[in-house]
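> This structure is in structure tokens; I'll ask about it shortly.
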Amino acid sequence: TNTVRSLDRMVCRGKSHEPQTQAGATKTESGFVAVSPIMKDIHTQIHQIADFDIPVLLLGESGTGKGVVACMIHQLSSRAAQRFVKLNCAALPSELLESELFGYEAGAFTGATKAKVGKFEACHRGTILLDEIAEMPIALQAKLLHVLQDGEFSRLGSFTPTQVDVRVIASTNIKISQAIASGTFRRDLYYRLNVYTICLPPLRERREDIPGLLDHFIAYWSEQISRSPLPVSQAIL
């Protein structure tokens, strides 16, 4: 899980090339490895929707590779030359999350000595991944809904709208239906995000992907520490 998350943090640049690995596995530069039928189907779905400029909702447990899929969608889209920004909605308190997303003007609050550009403005014409979207405070969800509907927002402390062109990919490990039923997630926001949904299965349900993932991670970390990859005993597979 930690290794997958470290790959999620890699910067997306350029188009994704997809060499074939042993045993017919599909592997991409963004870290997507597919041997199992379900992952090959997801690989096909990614290619089908990447260039359609629509929101995508990624569902799955932590560590299933939602960030890798989001990166791959960006790489294969017409926005590939622009920025890919990831923001974890569960990692920041409400006030800080709003300023990170939408920025603020000087004097908007105590300590705001100069204006700051938010993530939406910074990745204009690019792609933003809103990780753990179901953890976003309900009040902030309304502002996000406005961005999805109208392509504009206002910085904190400003009444002047800012126009942006950003593709939104959202991900969560929480069951959205339960969050809607409990009142912690807006139904209208779900409909805006749920233009296309990809459900990522946990590794325990696709064990045939383990050898290919192991080869990928060994090659990646060997390159990071400038050494040759170590052989893997078949006894551990």
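The values are calculated or read from the model by the stated rules, or taken from the named source; none is laboratory data. Everything numeric in this text was worked out from a predicted model, so none of it was measured. All accessible areas refer to the heavy atoms of the entire protein, side chains included, with ligands and DNA or RNA removed. Shrake-Rupley method; radii C 1.70, N 1.55, O 1.52, S 1.80 Å.
> Before rounding to the nearest 500, sum -39500 (n - 2.57) across all DSSP H runs of length at least 4 in the chain and divide by the residue total; then give [θ] at 222 nm in deg cm²/dmol.
After summing the helix terms and dividing by residue count, I get -10500 deg cm²/dmol.
> Could I ask something else about it? Can you compute 3J(HN,Hα) from phi for each residue in segment 107-121, using the Karplus curve 6.51 cos²θ - 1.76 cosθ + 1.60 with θ = phi - 60°, rounded to whole Hz and x for Gly and Pro?
3J(HN,Hα) across segment 107-121, in whole Hz: x, 5, 7, 4, x, 7, 7, 8, 5, 10, 7, x, 5, 4, 5.
> Let me ask you something else. For TYR196, which sequence-distant residues (separation of 5 or more, or a different chain) have an amide H within less than 5 Å of its own amide H, given hydrogens modelled in the peptide plane?
Counting only residues 5 or more places away or on other chains, the set is LEU57.
> Tell me, how many Å apart are the Cα centres for segment 90-136 and for segment 185-206?
Segment 90-136 and segment 185-206 have Cα centres spaced 23 Å from each other.
> OK, next. What is the projected area of the convex hull of the Cα atoms of segment 39-163, averaged over all directions, in nm²?
For segment 39-163, averaging the hull's shadow over all directions gives 8.3 nm².
> Looking at segment 120-221 from every direction and averaging, what is the projected area of its Cα convex hull in nm²?
9.2
> Kindly sort LYS66, LYS119 by accessible area of their heavy atoms, largest first, with the probe set to 1.4 Å.
LYS119, LYS66
> Continuing with this model, one more query. How fast does segment 151-196 diffuse by Stokes-Einstein, in µm²/s, taking the Kirkwood radius from C-alpha pairs at 37 °C and 0.692 mPa s?
Taking Rh from Cα pairs, D becomes 256 µm²/s.
> Taking amide H atoms as placed 1.01 Å from N in the peptide plane, list the residues 5 or more away in sequence, or in a different chain, whose amide H sits under 5 Å from that of ARG83.
GLY126, THR127
> On the protein heavy atoms, probe 1.4 angstrom, tell me the percent of accessible surface of segment 74-152 carried by carbon and sulfur.
49
> Return the aspartates and glutamates within reach of LYS40: Cα separation strictly under 16 angstrom, same-chain partners fewer than 8 residues apart disregarded; answer none if there are no such residues.
GLU18, GLU29, GLU205, GLU208, ASP209
> Could you give the spread of the C-alpha atoms of the chain along their three principal axes, from largest to smallest, in whole angstroms?
On the principal axes, the chain reaches 62, 42, 30 Å in Cα extent.
> At 1.4 Å probe size, with every protein chain present, just tell me what the per residue accessible area of the chain comes to in Å².
51
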